[in-house]
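Below: the structure, in structure tokens.
The values are calculated or read from the model by the stated rules, or taken from the named source; none is laboratory data. Here the structure is a predicted model, which means the values were calculated and not measured. Positions of Cβ are generated from backbone atoms using ideal geometry, with glycine treated the same way; all protein chains shown enter the neighbour counts. The accessibility values were calculated without ligands, DNA or RNA, using every heavy atom of the protein model including side chains. Shrake-Rupley method; radii C 1.70, N 1.55, O 1.52, S 1.80 Å.
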Amino acid sequence: MSDSDEAARERMVRTVASRVDDERVLEALESVPRHAFVPPNRRDSAYEDRPLPIGDGQTISAPHMVAIMADTLDLEPGTTVLEIGTGCGYHAAVTAEIVGAEHVYSVEYGDELAEQARKKLARIGYGDVSIRIGDGREGWPELAPFDVAYFTCATPGFPDPVVEQVRSGGQLLAPIGTRFQTLVEATKREEGGLERTEHGGVRFVEMRGE
């Protein structure tokens, strides 16, 4: 990591700090080298607060959105997290900084993206993040229940299998909608059903699957 990368990352964190309440989220953003997750031809833009293309029609989310999502969730060391949409692995790395890499389980539809993410995560110290290739709508049933499930891609609604894989009292977070999306947080009620809170309009790439 160069001094310029470190300085750029510090500037990025200052840019998003006003939108985040949890200091641990800012510390995670400062710890994860975003430049390691973007294509070489985008490296000069790695610490700008905007999404960037990573290939296969996918993007790496803007830092402020990763921060807002992490801040919205009740993440603690040891929280078991299901991530739908590994992409390049950046969001998983930020989550891993808070909960521990061995507690992050991510599902990616694209096999090439999944393999690249595995390599990048392992190279920079997050090799204990588990990545499965598959349809995110199905979650990861063998490892349920999870404390938290979040989506890095837009979905028309919370898929039933994923909801079932979150424990009672656990959280879900996703951009809900197709063309126009809303970031929706949901808590799974003990008696069943979801208690939802909306967190404003967002724009994500739509989830892929069968």
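The number of residues in the range 133-156 being assigned to a helix (DSSP H, G or I) and open to solvent by less than 40 Å² (accessible area, probe 1.4 Å) comes to 1. Within the range 164-185, the set of residues being in a strand (DSSP E or B) and in contact with a helix residue (DSSP H, G or I) (Cβ under 7 Å, 6 or more places away or on another chain) comprises LEU172, LEU173, GLU185.
Taking the residues in the range 24-71 that are of a type in the set (Ser, Thr, Tyr) and assigned to a loop (DSSP other than H, G, I, E, B) as candidates, determine which candidate is nearest to GLU198 (Cα to Cα). Out of the qualifying residues, it is SER61.
Could you tell me how many of the residues in the range 186-207 are crowded, with 20+ Cβ neighbours inside 10 Å, assigned to a loop (DSSP other than H, G, I, E, B) and not aliphatic (A, V, I, L, M)? Selection size over the range 186-207: 1. Screening the candidates ASP21, ASP74 for the property of being open to solvent by 70 Å² or more (accessible area, probe 1.4 Å), of a type in the set (Asp, Glu), out of contact with any strand residue (DSSP E or B) (no Cβ under 9 Å at 6 or more places or on another chain) and not in a helix (DSSP H, G or I) yields one hit, ASP21.
Can you give me the number of residues within the range 157-179 that are in contact with a strand residue (DSSP E or B) (Cβ under 7 Å, 6 or more places away or on another chain), open to solvent by 40 Å² or more (accessible area, probe 1.4 Å) and either at pLDDT 95 or above or of a type in the set (Asp, Glu) (or both)? Steps first, answer last, please.
Of the range 157-179, the ones in contact with a strand residue (DSSP E or B) (Cβ under 7 Å, 6 or more places away or on another chain) are 157-158, 162-163, 165-178.
Add one more test, that the residue is open to solvent by 40 Å² or more (accessible area, probe 1.4 Å), and what stays is 167-168, 178.
Subset that is either at pLDDT 95 or above or of a type in the set (Asp, Glu) (or both): 167-168.
Residues that pass the stated criteria total 2.
Sub-9 Å Cβ pairs linking a first residue in the range 58-71 that is free of Cβ contacts under 8 Å to residues at least 24 places away in the same chain to a second residue that is of a type outside the set (Asp, Glu) and assigned to a helix (DSSP H, G or I), at least 6 apart or interchain, are ALA62/VAL16, ordered by first then second residue.
The residue that is farthest from THR59 (Cα to Cα), among those in the range 114-123 that are surrounded by 15 or more Cβ atoms within 10 Å (Cβ to Cβ) and among the aliphatic types (A, V, I, L, M), is LEU121.
Yes/no matrix, rows are residues, columns are (1) in contact with a Leu (Cβ under 6 Å, 6 or more places away or on another chain); (2) open to solvent by 40 Å² or more (accessible area, probe 1.4 Å); (3) more than 28 Å from LEU143 (Cα to Cα):
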{"site": "GLU6", "(1), (2), (3)": "no, yes, yes"}
{"site": "VAL16", "(1), (2), (3)": "no, no, yes"}
{"site": "VAL32", "(1), (2), (3)": "no, no, no"}
{"site": "ARG42", "(1), (2), (3)": "yes, yes, yes"}
{"site": "ASP56", "(1), (2), (3)": "yes, yes, no"}
{"site": "SER61", "(1), (2), (3)": "no, no, no"}
{"site": "MET65", "(1), (2), (3)": "no, no, no"}
